[in-house]
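Structure record follows, encoded as structure tokens.
The values are calculated or read from the model by the stated rules, or taken from the named source; none is laboratory data. Fair warning: this is a prediction, and the values are worked out from it, not measured in the lab. With ideal geometry, Cβ positions are generated from the backbone for all residues, glycine too; neighbour counts draw on all protein chains shown.
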Amino acid sequence: MRNPRSLLWTCCRIIIGAAFWITSKLLYSVKINGLEYDTGASRTYLAIAHKRDLDPIVMILALLSHRGWRGWAGDIHFGLRSDAFSTGYLAHLLPHPEWLSHLLHPISIGPILRGLGAHPLEHLHIRPVEEWVRELLQIEGDVRAGDVLAPNLIQDLAATTKEQLQQIEERQLSTLLSWRYHRILCRYCGAEVFIGPARRRAELRVLRTVKGQLTDLAACLWQGASLYGAPEGRLSPNGSLSPITAVLHRILRTGPPDTRIVPIYINYDFMTTKRMHIFIDLAPAIEYAPNLHPQELDARLHKAWLQSAHFTCTQLASGFLLQANRTGNLSFTLDDLARLLELLAKALVAEGRHVDPRLLRSRDARRLATGYLAYAEYHGLVRRIKYHTWLPTISEAVIHVGPGKVGYDQMPLTYAWNDLQGMLSLEPLTQSQLM
């Protein structure tokens, strides 16, 4: 029965991969560069710089197709955030419209993900409140909410539902899993949702779970499979690269000594009213990664990500907009922006960096600038003062988002600026020369 079962899951991967491909083609333009750096060798860790939940979806078909039948048959395993395997994940992923989120909430895609080669990977400190509650119910049983939940969480639940604090405290914990409390339960936080011994027991359970999950992932490498995951351990909250977590190093310590890492950087040209372009860039493999000191490996991985990445209109135009706002050169024309984008792109190419090739052509650069300004006007970042002439209307701020959240929707300009600063950190040209 083993071979028929394997064939069944291979067919499922092909069907789901085709669905992802069709969806991506309809919604986005995806450009993949450097796919040859993934030689298909076993014991490879495909390491993505994690920006959005969309990252695995836009990459999966190309990756599996590139590896041929072995890829479709399960040669690549995926390390995914553990809440993706639980009931309620689809509702967390698609909070709007609320009626759709409500319909999706009872659905669990965990069995499908496991069959497709995905492995849950718990975060030590960040998971939805709903996950903490479900786990406690499963292990310790149904208890009085006031005996285990933190007072600030009870206050939030009461404020959202207009109930009295005492009513929440007297409820059995299981009753809080109803939809009326969903707005609070979908928040990401740590074991501080609990108090007293319940909190300590929850922390110990998560620690044991993570150790077991890392052992499973290392075992995949020993068996000759490859892993696809995010060494940063979370989405980028503000556009900057996050530090590499200890999870990667723990997998490498217990995995094969010849494990190689292929860096993958995914960049989104998202500040546009036109079709969003996505650039996926693979870099040369870091061979025998477990033999490197963790700090050296982290530095090499960050450098490989940034050196392979493509600059887009989103980043370069955002840099121009913020710089114009800061220097007092307020008004500018569409031609000013388009001309500068083309000049910056050519300067970066001369320094050996990668750019969206459309930025190198005057007509295309103007089209990109037009789409960017339409987006910026819609989000209140610029104001048209006359035909093809614009004025920045920026109030700069630091991105502050809750645990597990990202800021590209709330503050797209700052998010793009932070991304640009990280990419320019490897650039010989100074920021003033480019801006």
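Table: residues versus (1) closer than 24 Å to Gln410 by Cβ; (2) out of contact with any strand residue (DSSP E or B) (no Cβ under 8 Å at 6 or more places or on another chain).
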site: Ala225; (1), (2): no, no
site: Ser236; (1), (2): yes, no
site: His249; (1), (2): no, yes
site: Arg253; (1), (2): no, yes
site: Asn267; (1), (2): yes, no
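With exposed (fewer than 15 other Cβ atoms within 10 Å of the Cβ) and either of a type in the set (Phe, Trp, Tyr) or at pLDDT 90 or above (or both) as the only criterion, which of Glu135, Glu192, Glu169 stands out? Break it down into steps so the answer makes sense when it comes.
On the way: Glu135 fails: exposed (fewer than 15 other Cβ atoms within 10 Å of the Cβ); Glu169 fails: exposed (fewer than 15 other Cβ atoms within 10 Å of the Cβ).
Testing whether each residue is exposed (fewer than 15 other Cβ atoms within 10 Å of the Cβ) and either of a type in the set (Phe, Trp, Tyr) or at pLDDT 90 or above (or both) leaves just Glu192.
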>> So, in the range 39-64, how many residues would count as being among the charged types (D, E, K, R), buried (at least 16 other Cβ atoms within 10 Å of the Cβ) and on the phi < 0 side of the Ramachandran plot?
In response: 3
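Kindly indicate whether Arg180 is modelled with pLDDT of 90 or more, of a type in the set (D, E, K, R) and buried (at least 17 other Cβ atoms within 10 Å of the Cβ). Talk me through it step by step, then tell me what you get.
Details: modelled with pLDDT of 90 or more: yes; of a type in the set (D, E, K, R): yes; buried (at least 17 other Cβ atoms within 10 Å of the Cβ): no.
Taking the combined requirement at face value, the residue does not satisfy it.
Does the range 74-98 hold any residues that are of a type outside the set (Ser, Thr, Tyr), touching a residue at least 12 places away in the same chain (Cβ under 8 Å) and not in a helix (DSSP H, G or I), and which are they? Show your work before the answer.
So in the range 74-98, the residues of a type outside the set (Ser, Thr, Tyr) come out as 74-81, 83-85, 88, 90-98.
Filter once more, so that each one left must be touching a residue at least 12 places away in the same chain (Cβ under 8 Å): 74-81, 83-85, 88, 90-93, 95.
Ile76, His77, Phe78, Gly79, Leu80, Arg81, Gly88, Pro95, listed by residue number.
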>> From the list Ser108, Ser101, exactly one residue is surrounded by 13 or more Cβ atoms within 10 Å (Cβ to Cβ) and assigned to a helix (DSSP H, G or I). Which is it?
In response: Ser101
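Can you find a residue in the range 285-294 that is in contact (Cβ under 8 Å) with a residue 60 or more places away in the chain and either more than 26 Å from the chain's Cα centre (by Cα) or outside the structural domain of Leu381 (by TED's automatic domain parsing) (or both)? Give the derivation first.
Step one: filter the range 285-294 for residues in contact (Cβ under 8 Å) with a residue 60 or more places away in the chain, giving 285, 289.
Next, only the ones that are either more than 26 Å from the chain's Cα centre (by Cα) or outside the structural domain of Leu381 (by TED's automatic domain parsing) (or both) stay: 285, 289.
Yes, the range 285-294 contains at least one residue that is in contact (Cβ under 8 Å) with a residue 60 or more places away in the chain and either more than 26 Å from the chain's Cα centre (by Cα) or outside the structural domain of Leu381 (by TED's automatic domain parsing) (or both).
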>> Out of the residues in the range 254-280 meeting the condition of being among the polar types (S, T, N, Q) and closer than 22 Å to Tyr375 by Cβ, tell me which one is surrounded by the fewest Cβ atoms within 10 Å (Cβ to Cβ).
In response: Thr273
> Any chance the range 43-50 includes a residue that's under 29 Å from Val210 (Cβ atoms) and modelled with pLDDT under 85?
Replying inline: yes
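One line per residue, one yes/no per condition, for (1) out of contact with any Leu (no Cβ under 8 Å at 6 or more places or on another chain); (2) surrounded by fewer than 17 Cβ atoms within 10 Å (Cβ to Cβ); (3) more than 22 Å from Arg199 (Cα to Cα); (4) modelled with pLDDT of 85 or more:
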{"position": "His66", "(1), (2), (3), (4)": "no, yes, yes, no"}
{"position": "Trp69", "(1), (2), (3), (4)": "yes, yes, yes, no"}
{"position": "Arg81", "(1), (2), (3), (4)": "no, no, no, no"}
{"position": "Ser86", "(1), (2), (3), (4)": "yes, no, no, yes"}
{"position": "His92", "(1), (2), (3), (4)": "yes, no, yes, no"}
{"position": "His125", "(1), (2), (3), (4)": "yes, yes, no, no"}
{"position": "Glu130", "(1), (2), (3), (4)": "no, no, no, yes"}
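Filter the range 94-123 for residues that are aliphatic (A, V, I, L, M) and touching a Cys at 6+ places or on another chain (Cβ under 8 Å); which is modelled with the highest pLDDT?
Restricting attention to the range 94-123, the residues satisfying the condition of being aliphatic (A, V, I, L, M) are 94, 100, 103-104, 107, 109, 112-113, 116, 118, 121.
From what is left, the residues that are touching a Cys at 6+ places or on another chain (Cβ under 8 Å) are 112, 116.
On the way: Ile112: 77, Leu116: 72.
So, considering only residues that are aliphatic (A, V, I, L, M) and touching a Cys at 6+ places or on another chain (Cβ under 8 Å), the one modelled with the highest pLDDT is Ile112.
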>> Can you go through Ile184, Ile139, Ile168 and tell me which one is touching a residue at least 12 places away in the same chain (Cβ under 8 Å), closer than 16 Å to Ala91 by Cβ and among the aliphatic types (A, V, I, L, M)?
In response: Ile184
> Condition test on Tyr45, is it under 30 Å from Leu124 (Cβ atoms) and among the aromatic types (Phe, Trp, Tyr)?
Replying inline: yes
> Would you say Ile394 is at pLDDT below 90 and more than 29 Å from Leu93 (Cα to Cα)?
Replying inline: yes
> Restricting attention to the range 310-335, and to residues there that are at pLDDT below 95 and not in a helix (DSSP H, G or I), which single residue is surrounded by the fewest Cβ atoms within 10 Å (Cβ to Cβ)?
Replying inline: Gly328
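Residues of the range 252-269 being in a strand (DSSP E or B) and of a type in the set (A, V, I, L, M), which ones? Let's see the steps before the verdict.
Taking the range 252-269 first, the residues in a strand (DSSP E or B) are 260-269.
Result: Ile261, Val262, Ile264, Ile266.
How many residues are in contact with a strand residue (DSSP E or B) (Cβ under 7 Å, 6 or more places away or on another chain) and assigned to a helix (DSSP H, G or I) if we restrict to the range 336-356?
First, pick out the residues of the range 336-356 that are in contact with a strand residue (DSSP E or B) (Cβ under 7 Å, 6 or more places away or on another chain): 345, 348-349, 353-356.
In the following step, the residues that additionally are assigned to a helix (DSSP H, G or I) were identified as 345, 348-349.
Within the range 336-356, residues that are in contact with a strand residue (DSSP E or B) (Cβ under 7 Å, 6 or more places away or on another chain) and assigned to a helix (DSSP H, G or I) number 3.
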